[in-house]
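What follows is calculated from the coordinates using simple rules that are stated; it is not laboratory data. Predicted model, so just to flag it, every value in this text is computed and none were measured. FYI the Cβ positions are ideal-geometry reconstructions off the backbone, even for glycines, and counts take in every protein chain you see.
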Amino acid sequence: MRRKKKRYRKNGRPRGIGVAFREFQKDKIALVSLFLLVLFILFVFIASFFIDQEQLMRINLYDRYSRPGEKYLLGADQGGKDILGQLIIGARNSVSIALAITLITGFIGIVVGLICGYFGGWVDYIIMRIIDFFVTIPSLLFIIVFVTLVPKYSITSFILIMSLFLWTGTARLVRSKALSESKRDYVSASKTLGTSDFVILRREVAPNLSSLLIVELTLNFAGNVGIETGLSYLGFGLPPTTPSLGTLVSYANNPAVLQQYWWVWLPASLLILFMMLAINYIGQALRRSVDVKQRLG
Amino acid sequence: MWKTIVRRLILMVPQLIALSIIVFVMAKMMPGDPFTGMITPDTDPARIEELKEELGLNDPLPIQYVRWVKNALQGDFGKSYTFQRDVTSLIGERALNTFWLSFVSVILLYLLAIPLGILAGRYQQSRLDKFIVFYSFITYAIPTFVLSLLFLYIFGYKLQWFPTGGSVDIEVEPGTIQYIWNRFYHILLPAITYAILGTTGVIQYLRSEIIDAKTMDYVRTARSKGVPMRKIYTKHIFRNSFIPIAAFLGFTITGLLGGSIFIETIFGYPGMGQLFVSSIASRDYSVICALVMLYGFLTLLGSLLSDIILSIVDPRIRIE
């Protein structure tokens, strides 16, 4: 049995991971992005173990705006805090927050989307109206207002507030796919055999959406990194005591810092840019491997 | 045609009501009341109660909501306590600034995106096409605030081609040509940033439209008639592909509104976005509520505009 399967794979069209792998081989930039990003995330997570956050965030006015290489490798900000350490912890925070938001919104989106698309009817109608409403409101403003309203503000509440407004895109996508999928023969056949709806959704419909979802989640991940750093930049993201890439960039709001102390804000900006580009490149390559028409390999 | 527009307008009513309820609840959740800033430690608590009664703050919430909506419809959103003036006139001033910025941005955006989209579609798979696709990818991936800061640093401070903040220089006399030019000059850098960030959607849409159009029957007919290729592109394909692009306008405006918070803050441009951020910082809740309501309304208006243009252009998607 196992052998048969293997042979089928060999002779048949390449599937799943094989296609993605070939797509990455064809697109050198995506391959490099993937490699660099994995390396970068590993480095950031391992290096942050060796950094004492309290000591890092301690203000030390002697080192105020010290140049790169003077005492710290990448210089210090106006509080005399090491930029390199803040970059590492900040990047770790950004990645983990964006990941958490992506997973939460992904989960809600998939569940809601599957229910709407598969069952249809009035459930679908009501939830779709709610989603339509979420799409039409200016979510960025609402996130900012909620962030300032929450009494005990922490990273967890930040993640939850963001998730509250960002799950609708995935839900819509999953719904439209589940809608067309649930009209296919294999679903009707399964229904006739008496399979329960839950099993059909989880074991039969969901796997058919998985490749699409991986693409969607990757691109969402990039978007969430952008939104998190953007909100932190405006001062409505992470609390100021937590090192964050957005906060580092926001020091540039002071024209003096922007002009003279470029080492405070430029590395963080470039790091954000690097992460956004790399994740998006990977997402694009994955998207091509999902869509037969666009494949390079 | 008119039926569709009316139906679409009616569809907007529940959305507006839902939006207003949320904003109202939000306003109630916010700490403080309309007297913030007016009360000193020696104010008599009984007097405060009296004032509250007078303004109806002790009424049940639904009644308060109806009153709030009534006032809002008449353009009365209360007073800003940091600026000590009517919220409506304050926002009106800023909204005008934001309008001009958005106006210039949209024009620049289309001036930039249409030629790039056409070239990419026409010379598909050429080096130029690859470059344009790459460009639109970068501008899609780059966060607004990073690009704005880099531009401000490079063009504002290093090269000093553009002013680095404000909407107009103080020494210029209002009403003169110089004044208008000066304002335009201040708008230009943020508008260019805006335009560059917004091009992705239009370029990709136009490019794929043109690539699709190449194999259409009407193009083949034109070619067999002997119409030169250049003319087919400018007259036949462009006209067909441009219509959906026009429908993008509404979405573009919606996108601009979200970006205005970042761009106006970074470039120090006194528009609605900047007002929003500074009001949040100073906890000026009446301004915040009015702005959220206005942004929500404009976003709804943007999608309405897109839907109407689309239904004019493409009769297939009219609402049943």
Residue exposure sequence - A:Tyr251, A:Tyr261 - by fewest surrounding Cβ within 10 Å: A:Tyr251, A:Tyr261
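From the Cα trace of the protein assembly as shown, what convex hull volume per residue do you get, rounded to a whole Å³?
On the way: hull volume 145.8 nm³, N = 617.
Looking at the protein assembly as shown, the number lands at 236 Å³ per residue.
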statement: Checking A:Ala100, A:Ala285, A:Ala47 against a Gaussian network model of chain A (alpha-carbon springs below 10 Å), the top fluctuating residue turns out to be A:Ala47
- request: Give the Debye-formula value of log10 I(q)/I(0) at each listed q (0.12 Å⁻¹), with one equal scatterer per alpha carbon of chain B, two decimals each.
  value: -0.98
Largest-first principal axis extents of the Cα set of chain A (Å): 76, 47, 30
- request: Choose one answer from B:Met26, B:Met272, B:Met216: the residue with the largest mean-square fluctuation in a GNM of chain B with alpha-carbon springs under 10 Å.
  value: B:Met216
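Based on other C-beta atoms within 10 Å, arrange A:Asp132, B:Asp129 from fewest to most.
Values: A:Asp132 15, B:Asp129 18.
Fewest to most other Cβ atoms nearby, the residues stand as A:Asp132, B:Asp129.
Find, among the trypsin sites (Lys or Arg not before Pro) in the stretch A:192-297, those assigned to loop by DSSP (not H, G, I, E, B) with at most 16 other beta-carbon atoms within 10 angstrom.
Working: sites: A:Arg202, A:Arg203, A:Arg287, A:Arg288, A:Lys293, A:Arg295; in loops: A:Arg295.
Those that pass, being in a loop and sparsely packed, are A:Arg295.
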- prompt: So how do A:Trp122, B:Trp68, B:Trp100 line up by other beta-carbon neighbours within 10 Å, fewest first?
  reply: A:Trp122, B:Trp100, B:Trp68
task: Please turn the phi angles of the stretch B:152-159 into ³J(HN,Hα) values with the Karplus equation 6.51 cos²θ - 1.76 cosθ + 1.60 (θ = phi - 60°), one per residue in order, whole Hz, x for glycine and proline.
output: 4, 5, 6, 7, x, 9, 6, 8
query: GNM on chain A, C-alpha springs below 10 Å: top fluctuator among A:Gly237, A:Gly85, A:Gly121?
result: A:Gly121
message: Can you give me the orientation-averaged projected area of the convex hull built on the Cα atoms of the stretch A:147-297, in nm²?
response: 13.1
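Given Cα pairs under 8 Å that are at least 6 residues apart, what percent is the relative contact order of the stretch B:90-284? Please list the in-between numbers first.
Values: 213 pairs, mean separation 66.7, N = 195.
Contact order relative to length: 34 percent.
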